[in-house]
Structures are given as structure tokens and as C-alpha cells.
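Trainee: Let me begin by handing over the structure; questions about it come next.
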Amino acid sequence: MIVLAIVVLGALGIVKLVTRPAVAPGGWARFAGGPEWHRVTFHSQPQWYARFDPHGGSVIYSLDRDDESGESDVLRSEIDRPSVIPLRVAGRLLDVSLQGGYALATPSDHGASKLVVVELAAGEPRAIADRVADAAWGPDGRSLAIVRDGEREQTLEYPINHVLARHRGLSLPRVSRDGRRLAYVEHAPAPDPSTRLVIVDVDRGNVLAASPMYVNPIDGIAWSADGREAWFSTGTAVRALDLDRHERVVLRAGAHLQLCDVDRDGRMLVAPLDLRSQLFAGPREATIQRELGFFDRSVLQSISQHGGWIAMLQVADELGPDGPAIYVRYEQRMPMKIGAGHAAELLPDGTALLVTSSGPTQLQRIELTSDTRTAIPLGKLALDIYDRPAIAEDGHHVVIRAALPGGAMRLWLLDLAADAQPVGFGPEAFPPQRHPVSPDGAWVAVRGEGAYVIKLLSTRGVPDRTIELTRSSSPIRFSDDGKALFVHHVWGWPRPVVRVELDPVKETPWAQLDRAIREPQSMAVDVASDGSTIAYSVDDTTSDLYVVDPPR
């Protein structure tokens with residue numbers, strides 16, 4: 001069996017996760033004089049909801065069911081020996097109280113999560129609140145901190161109904177060991193993935209300390225053994241923030257590390273994550289497409305009109321001030337790095353690339369043969385740098401998502417061949433999503449308000465069109481003659497790609513995406529407009545739970 005082992009590099013405590021043969025089941029392992037790591041689970045899954053048993057000696061966690069229900073069961077594993085003990089409790093574990101009570105998220109009738117509490121003395125689940133995204137126990141084992149979903153924002157409440165904070169994105173509340181403070185994660189507005197840790201007092205919600213914004217999202221919080229610091233995981237590090245706003249690194253790893261809990265002895269419960277993005281491409285009639293990724297996180301951006309060129313982001317390998325590295329690849333040749341950015345779109349003939357950047361130049365054109373770079377003026381528009389520009393087959397009509405000062409993000413049409421101002425069209429506020437443009441620049445396809453609806457937005461002032469489909473789908477690209485639209489189904493695995501004739505509407509199965517082992521957490525799909533080639537990248541995350549000795 002192969003598991004992740006940990007090699008400690010020098011006296012700095014820098015840890016690199018490498019592949020090594022498994023240690024003896026139930027045994028502790030120490031590598032190069034560093035802290036001991038002990039594996040306690042033997043069923044990998046993408047994300048863990050886990051806590052130490054407050055009575056010591058074991059870990060309590062929720063495990064995804066191996067079926068299509070999307071539900072979880074709560075289990076217990078002893079730390080000193082291999083064990084999987086069902087607790088006959090269903091739901092996604094949110095927290096375990098010092099008295100041994102469980103806070104769980106379970107589905108409700110209207111689709112949002114419902115907070116359910118299971119107390120050891122009573123034994124029966126008890127519904128507490130609805131529309132709850134996350135929850136944590138206070139030290140008394142009776143009060144709960146929750147993040148509650150609202151129509152436009154979320155509220156942080158402790159105890160329930162006492163609002164401490166309001167924000168569009170909140171998560172991971174954790175009450176301090178003395179019950180006087182509360183730590184949580186505050187999210188930047190979508191699609192920016194950045195987050196920060198915030199510590200407030202529980203009386204009025206006054207901010208006592210806050211971390212900087214981290215591009216690698218914070219995915220775990222726990223209070224230190226002495227209660228003086230809030231520990232949090234972001235990317236490859238577990239960090240600590242105290243009330244004097246001092247921050248330090250507790251543990252650094254060579255792989256993504258999710259912090260789940262810290263016990264009173266200072267041991268950490270962590271999940272080293274193996275996060276990969278695989279990119280496949282090839283003729284759409286082929287039984288198996290080739291894997292064309294270059295590093296372990298190759299995320300597809302686009303392919304050219306005839307499928308020869310592929311543009312990809314290398315998300316985890318190089319992250320500079322302007323974004324991750326962008327590579328292009330022609331068929332089976334070695335990839336070529338052409339710059340950095342957050343999104344990229346090939347021109348149909350594969351001669352150039354449009355790249356969005358967080359630098360002074362928001363949008364630029366990069367010629368692939370000469371490396372000539374040309375800034376594309378946007379006037380007063382602020383570009384959504386995470387949005388992929390859509391380019392028509394004529395090579396000069398471009399659709400972007402941007403906003404005027406003080407305005408909402410919407411779609412704008414640029415004409416690269418004319419000295420003209422961008423033209424706004426469609427809804428006044430447009431959410432981030434794929435928006436392919438027709439060959440002549442006259443229509444833009446987007447997901448409609450209904451689950452099975454594709455909307456064709458006019459860029460020329462004529463009435464929009466509504467296309468009703470048989471399954472919930474997302475638009476990929478128009479065919480090169482503009483008479484059809486390629487879409488992929490949003491849910492399920494394997495995932496079909498369908499060609500939709502637009503006049504009259506007719507759906508025809510076109511290709512099947514199935515190279516991943518299981519349904520991916522996220523994916524990107526593109527189709528050559530001539531119908532010859534398909535490309536897609538899939539994300540997959542697996543991990544196990546480990547108990548780590550206190551840092552020295």
C-alpha cells in the first residue's frame with residue numbers, strides 16, 4: 001500500500017509530503033526527527049469533517065456514502081489501532097462538544113442544510129435551525145455558533161439568533177476554549193477565492209484581530225491548546241494568529257494541508273490533500289482521449305478552431321503577481337510557457353491568445369509566433385480577471401464580463417478590428433459563467449433562469465431567444481457555421497456533450513466525458529468549433545486523516 005509520508009527538512013520544521021511505503025497499521029512513524037504522524041482513516045475522500053473525541057483516544061468524522069444519495073454517516077476510529085466504528089448517526093459532522101454531543105448538517109425539504117443535534121444522553125436527533133451552512137459548539141456544550149444562509153448575505157450568530165457579523169461569504173466558526181472569542185473565515189466577493197481569518201469578541205462582534213487575505217482559501221480553523229491563538233490552514237501551511245495580530249507558521253508542508261482540529265494536548269488532526277487536475281484532449285469519436293496535461297494541475301482554458309492548439313493554466317505550480325502560469329501546446333509537442341494570467345482564450349486560428357491579468361494591463365493579446373504583446377484598451381471598464389473572454393470565429397468580436405465605476409458586472413462586446421467603445425448588453429447584473437459568442441458576434445449563449453434553459457442574448461438589440469433543453473446544461477461553444485451550439489450536462493458522471501441545432505431546436509448526443517475515476521468536483525470543457533476535437537480537465541482531491549504530534 002502507498003500512503004503519504006512526511007519528511008522534515010532541517011531545523012525549520014519544513015515538511016514535505018512524499019510517497020513512501022505504508023508504515024505498520026496502527027503504528028506511529030517519525031521521519032528525520034520531526035513530529036510523529038499517524039494515519040487514522042483508510043477510506044480517502046475529497047474533504048473531511050472531523051474532530052477529536054473530547055474523551056480522548058479516537059477521532060470522530062463523517063464519511064461520504066458510496067452511492068448517489070450525497071449523504072454521510074458518522075464514524076469513529078481509534079488512534080492507536082486500525083478501526084472503523086459506526087455510530088449510527090447520519091449527517092455531515094460540523095462539531096463535537098466537550099460533553100460528546102454532535103452538531104450535524106442534514107438536508108432539509110427546500111434544499112438548504114438543516115442543523116441537527118445529537119446528544120449522548122438523549123440519543124435522538126433534534127432539529128435546531130434551518131438554512132445553516134456551518135456550526136460549532138461553545139465550551140458549555142449547550143450554546144452553538146452558526147453561519148446562517150440568507151437571501152443576499154450570511155449571518156454569524158453566537159448564540160443562535162445573536163448576530164455578530166453579516167457578510168456575503170462566511171464559514172468555519174470556532175468558539176474559543178474560554179467561550180469569550182470566536183474565529184471564522186470571511187470570503188472575498190465571488191469569483192475571487194481569497195479569504196481571511198477574523199477573530200471577534202462574542203458580546204458585540206468587535207474585531208479583535210484579522211489575518212491578511214490569502215489567495216489559497218482558508219479551509220480549517222482550530223484554537224490552540226492554550227487558547228491564545230487561532231490556528232488555520234491555507235495552502236501548504238498551518239498558521240497561527242493571536243490577539244496582538246501577530247502571525248506565525250506552525251507547520252509547513254509540501255502539499256495542501258487541511259486542519260480539522262487541535263486537542264488540549266496540542267496534537268493536530270490534519271488531512272494532507274492530493275489535489276490534481278488532469279487534462280484530456282483528442283478526436284471526439286475516439287474511445288479514449290489523450291492526457292495532455294504538463295504538471296499535476298493543468299486546467300483547460302481553450303482549444304483552437306480545428307483543435308490543434310490547447311491553452312492551459314498551471315494552477316498549483318507557478319503563482320505570480322499576475323496569476324498562475326499559462327502554457328500553450330500544439331498537438332503532441334512540448335508545452336510552451338507564454339506568460340501569466342487568470343484566464344486565457346485562443347483566437348480561432350491559434351495564432352494568438354487573449355489573457356486577463358491582475359496587473360496594470362487587464363487584457364492583452366499575445367502573439368504565439370513572435371511573443372508580441374498588445375494591451376487592449378477597456379476605457380473605464382474594470383474587468384473580471386477570472387472571466388474567460390469569448391472570441392467569435394471572425395477573430396475580432398470579443399465578449400467580456402466587466403463593470404463601469406460603481407456599476408454591476410455585466411457583458412460587454414469589444415471589436416478588436418475597429419476603434420470603437422465597448423458596448424454593454426444583456427442583463428444589468430450578470431453572474432460569472434461561460435458565455436460563448438456566435439461566429440458573427442451577434443449572439444451570446446448563457447445559462448437561463450430555468451434549470452433546462454439556454455438563453456441567446458443579442459448584441460445588436462434584437463429580441464433574445466430562449467432554448468429549452470431536456471437536461472440542465474451549460475453552453476460550451478457555437479459551431480463554426482453558427483447553426484448549432486455545443487453544451488455539456490451539468491450533473492452526473494459520465495457527462496455527455498450534446499450538439500444542439502438552433503433552428504429548429506434538436507439535441508444530438510455528440511461525445512462522452514468519462515476519463516475521471518468518479519464525478520469530479522469541478523471541470524472545464526471546450527470543443528473545436530469545427531466539431532473535430534474535444535478537450536476537458538477534471539479536478540480530483542483525495543486525502544486521509546492524520547494525527548500529528550504537537551509542534552516543537
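Trainee: Given charges of +1 on the Cβ of Lys and Arg and -1 on the Cβ of Asp and Glu, with all other atoms neutral, how large is the dipole of the range 135-181 about its Cα centre, in debye to the nearest 20?
Mentor: Details: 9 positive and 6 negative charges, 34 e Å.
Its charge dipole is roughly 160 debye.
Trainee: Can you tell me, using C-alpha contacts under 8 Å and at least 6 residues apart, the relative contact order of the chain as a whole percent? Write down the numbers at each step before the final one.
Mentor: Details: 1505 pairs, mean separation 55.5, N = 552.
Relative contact order for the chain comes out at 10 percent.
Trainee: Let me ask something additional. Where the only charges are on Cβ atoms (+1 Lys, Arg; -1 Asp, Glu), what is the dipole of the chain about its Cα centre, to the nearest 20 debye?
Mentor: 800 debye
Trainee: Normalized C-alpha radius of gyration of the range 199-306, against 2.2 N^0.38 Å?
Mentor: Normalised by 2.2 N^0.38 Å, the Cα Rg of the range 199-306 equals 1.56.
Trainee: Considering Cα pairs under 8 angstrom that are at least six residues apart, work out the relative contact order of the range 275-541 and quote it in whole percent.
Mentor: 16 percent
Trainee: Continuing with the same structure: Whole-Hz ³J(HN,Hα) for each residue in the range 84-97, computed from phi via Karplus 6.51 cos²θ - 1.76 cosθ + 1.60 with θ = phi - 60°, x for glycine and proline: what do you get?
Mentor: The phi angles translate into 9, 10, x, 9, 6, 10, 10, x, 8, 5, 9, 6, 10, 6 Hz.
Trainee: Using θ = phi - 60° and the Karplus form 6.51 cos²θ - 1.76 cosθ + 1.60, what ³J(HN,Hα) does each residue of the range 48-57 get, whole Hz, x for Gly and Pro?
Mentor: With coefficients 6.51, -1.76 and 1.60, one gets 10, 10, 8, 9, 5, 5, x, 7, x, x Hz.
Trainee: Given charges of +1 on the Cβ of Lys and Arg and -1 on the Cβ of Asp and Glu, with all other atoms neutral, how large is the dipole of the range 275-541 about its Cα centre, in debye to the nearest 20?
Mentor: 380 debye
Trainee: What percentage of all Cα-Cα pairs in the range 275-541 are separated by more than 35 Å?
Mentor: Values: 3514 of 35511 pairs.
When every Cα pair of the range 275-541 is considered, 10 percent fall beyond 35 Å.
Trainee: Oh, and also: Could you work out, for the chain, what percent of all Cα-Cα pairs fall into each 20 Å distance bin, beginning at 0 Å and stopping at the bin that holds the largest distance?
Mentor: Histogram of Cα-Cα distances, whole percents per bin: 20, 49, 29, 2.
Trainee: Same structure again: Can you list which of the chymotrypsin sites (Phe, Trp or Tyr not before Pro) found in the range 478-539 are DSSP loop residues with at most 14 other C-beta atoms within 10 Å?
Mentor: Trp491
Trainee: Give me the lysines in straight-line cross-link reach of Lys483: C-alpha distance below 19 Å, same-chain residues under 8 apart excluded.
Mentor: Of all the lysines, those that pass the test against Lys483 - Cα under 19 Å, at least 8 places apart if same chain - are Lys455, Lys506.
Trainee: Here is a further query. In percent, what relative contact order does the range 376-520 have, based on Cα pairs under 8 Å that are 6 or more apart in sequence?
Mentor: 13 percent.
Trainee: Where does the range 330-412 land on Rg/Rh, using Cα atoms and the Kirkwood Rh?
Mentor: On the Cα set of the range 330-412, Rg over Rh gives 0.99.
Trainee: Kindly write out, for the range 153-166 in residue order, the coupling ³J(HN,Hα) from the Karplus curve 6.51 cos²θ - 1.76 cosθ + 1.60 (θ = phi - 60°), rounded to whole Hz, with x marking Gly and Pro.
Mentor: Result, rounded to whole Hz: 8, 10, 10, 9, 10, 7, x, 3, 5, 9, 7, 9, 7, 10.
Trainee: Among Leu346, Val147, Thr369, which residue has its Cα furthest toward the positive end of the charge dipole of the chain, with +1 on Lys/Arg Cβ and -1 on Asp/Glu Cβ?
Mentor: Comparing the listed Cα positions along the dipole, Val147 ranks first.
Values in this text are rule-based calculations from the coordinates and carry no lab data. If you're wondering where the values come from, they're calculated on a predicted model, not measured in any experiment. Methodologically, a virtual Cβ is constructed for each residue, glycine included, from the backbone with ideal geometry; neighbour enumeration extends over all protein chains shown.
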